[in-house]
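Single-structure report; data block below.
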Amino acid sequence: LYDTDGRKIYACGGEVHEVEQNGQKKWYWFGVDDLNSEKPNEHPGIHLYSSSDLYNWKYEGAMYNEENDIYAHPKMLYNGTEYVMWVSVSKRSDDGMTGTGTVKVVSSPSITGPFTLVNEKESGGFINLYEAAPGTAYLICDDYTSGSSRVSKTKLSSDYKTTEGEKQPLNFSGESLMNVEGGIFERNGKYYIVNSGMRQYAVAD
């Protein structure tokens, strides 16, 4: 897929957010260069695209980019005044990509940025965010210490910029979750998780 300037779109592992501006709906799609390419992160940064029809996408620039950072699976929530993004980070070295096991938290009052660093925390791998209600959200992360589920949740602060409370493993019957590369949503009182590599979805009350 190509943007309105004819350049390849780099939005792997990201999300699309719907924003209403001056009574008109607009969609913003963000993500990163595909880390599985022959040259990982050849186009560094978290890239942002905008559209008014979900078909034509205009490149808005890099939302966030630090030298030698390699990002994966950026996720974002709006806390009422700011857009807060969590993103897994590795470091580029002379030997290629080196895992650091961290996640950066960046924020901006505008979805188009600029975003600034507000927090950096240790992480076991990829992360996801789930907002249960305005002001109540959770960090979902890979957790290889939490038994068969390998996925845990931690409540976020009300501004979504840090975690508070203890990490809790998510336990499921049937096939265990292997990672958090996917989506979480609620429908008709049930919570669903659909992840990469799963042969079925997980559901809970």
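Of note:
- Every listed requirement among (1) more than 23 Å from K104 (Cα to Cα); (2) of a type in the set (A, V, I, L, M); (3) modelled with pLDDT of 85 or more is met by M198 save one, (3).
- Restricting Y10, Y55, Y71 to those that are assigned to a loop (DSSP other than H, G, I, E, B), modelled with pLDDT under 95 and among the hydroxyl-bearing types (S, T, Y) reduces the list to Y10.
- Qualifying residue in segment 136-155 (condition: at pLDDT 90 or above and more than 28 Å from D34 (Cα to Cα)): yes
- Restricting segment 113-128 to residues that are assigned to a strand (DSSP E or B), open to solvent by 20 Å² or more (accessible area, probe 1.4 Å) and under 23 Å from T81 (Cα atoms), the residue that is modelled with the lowest pLDDT: K121
- Of the criteria (1) modelled with pLDDT under 90; (2) aliphatic (A, V, I, L, M); (3) open to solvent by 50 Å² or more (accessible area, probe 1.4 Å), which one V16 fails: (1)
- Filter result for Y78 (aromatic (F, W, Y) and surrounded by fewer than 17 Cβ atoms within 10 Å (Cβ to Cβ)): yes
- Inter-residue pairs, beta-carbon under 9 Å, first within 24 Å of A72 (Cβ to Cβ) and charged (D, E, K, R) and in segment 176-205, second part of a strand (DSSP E or B) and at pLDDT 80 or above, 6+ apart: E181/G13; E181/H73; E181/N128
- Complete set of residues in segment 57-76 that are within 19 Å of T102 (Cβ to Cβ) and either in contact (Cβ under 8 Å) with a residue 40 or more places away in the chain or of a type in the set (D, E, K, R) (or both): M63, Y64, E66, E67, D69, A72, H73, P74, K75, M76
- Of all residues making up segment 27-51, the number that are over 18 Å from the mean Cα position of the chain (by Cα) and modelled with pLDDT of 95 or more: 1
The values are calculated or read from the model by the stated rules, or taken from the named source; none is laboratory data. Since the structure is predicted, the reported quantities are computational estimates derived from the model, not experimental observations. For neighbour counting, all protein chains shown are included, and Cβ atoms are generated from backbone atoms with ideal geometry for every residue, glycine included. Just so you know, the surface numbers come from the protein's heavy atoms only, side chains and all, with ligands and any DNA or RNA stripped out. Shrake-Rupley method; radii C 1.70, N 1.55, O 1.52, S 1.80 Å.
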